[in-house]
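*Asks:* Sharing a structure here in structure tokens format.
The values are calculated or read from the model by the stated rules, or taken from the named source; none is laboratory data. As the structure is a prediction and not an experimental result, all values here were calculated from the model. Here Cβ is always computed from backbone atoms with ideal geometry, including for glycine, and neighbour counts include all displayed protein chains.
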Ligand code: 6PG
Ligand code: NI
């Protein structure tokens, strides 16, 4: 199946390769380059310089063919490359699900973290292979690569949840994640 199937879909098996971080059959794959992350890194000049300097791929999202439709349960694997922009670890854009519903992430490879923000409280979960991170309804979520290799995780989410990226641009994510000499540190969002 080269693309999302049209609902109603029939039962089918999805081959999940945790080692290779792939789903088969494949649905659409999304590529997010540095230019797609406008307004998200604290240092705008460093972000702009990275866009001008080759506009690297920051992460990819490979989906299974289950459609993003109400009552369906799509899955995807996100792989975030290792990198920093003015010290800030490479990350996903982050979003809120407008139809507040829960979601789970299963870490597959590398070392990452799950940053969540409800507009008031901020939470951080260390994500290493085998960890399931639970995102409760109403919490914006962003994944961050804090390790030395690509970080991959499987996401399973309600197909009717929707994706609101404007919420994060408006409200932030509570913290920023910076690489330090011996690891990483959570800093205030404004820093
Ligand atoms: C989702 C999941 C997940 C997420 C990707 C990319 O709701 O679909 O949270 O698949 O979309 O990890 O992150 P962004 O959507 O924030 O770019
Ligand atoms: Ni989500």
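*Asks:* Restricting the stretch 76-105 to residues that are more than 9 Å from ligand 1 (Cβ to nearest atom) and in a strand (DSSP E or B), which is nearest to residue 162 (Cα to Cα)?
*Replies:* Applying the filter and picking the extreme gives 96.
*Asks:* Would you tally the residues in the stretch 1-56 being over 25 Å from residue 109 (Cα atoms), surrounded by 14 or more Cβ atoms within 10 Å (Cβ to Cβ) and modelled with pLDDT under 95?
*Replies:* Here the count works out to 3.
*Asks:* Ok, one more. Only residues in the stretch 10-28 that are over 21 Å from residue 150 (Cβ atoms) count as the first member; pair them with residues that are assigned to a strand (DSSP E or B), Cβ under 6 angstrom, at least 6 apart or cross-chain, and list the lot.
*Replies:* Within 6 Å, the pairs are 14/23.
*Asks:* Here is a list: 162, 130. Which entry is on the phi > 0 side of the Ramachandran plot and within 15 Å of ligand 2 (Cβ to nearest atom)?
*Replies:* After ruling out the rest, the residue left standing is 162.
*Asks:* Oh, and also: Considering only the stretch 42-74, how many residues are touching a helix residue (DSSP H, G or I) at 6+ places or on another chain (Cβ under 7 Å) and either under 15 Å from residue 165 (Cβ atoms) or part of a strand (DSSP E or B) (or both)?
*Replies:* 1
*Asks:* Something else: Keeping to the stretch 135-153, report how many residues are within 12 Å of ligand 2 (Cβ to nearest atom) and either assigned to a strand (DSSP E or B) or under 14 Å from residue 114 (Cβ atoms) (or both).
*Replies:* So the count comes out to 8.
*Asks:* Looking at 121, 71 in this structure, which one is surrounded by fewer than 17 Cβ atoms within 10 Å (Cβ to Cβ), at pLDDT below 95 and more than 16 Å from ligand 2 (Cβ to nearest atom)?
*Replies:* Values: 121 fails: at pLDDT below 95.
Just one listed residue meets the conditions, 71.
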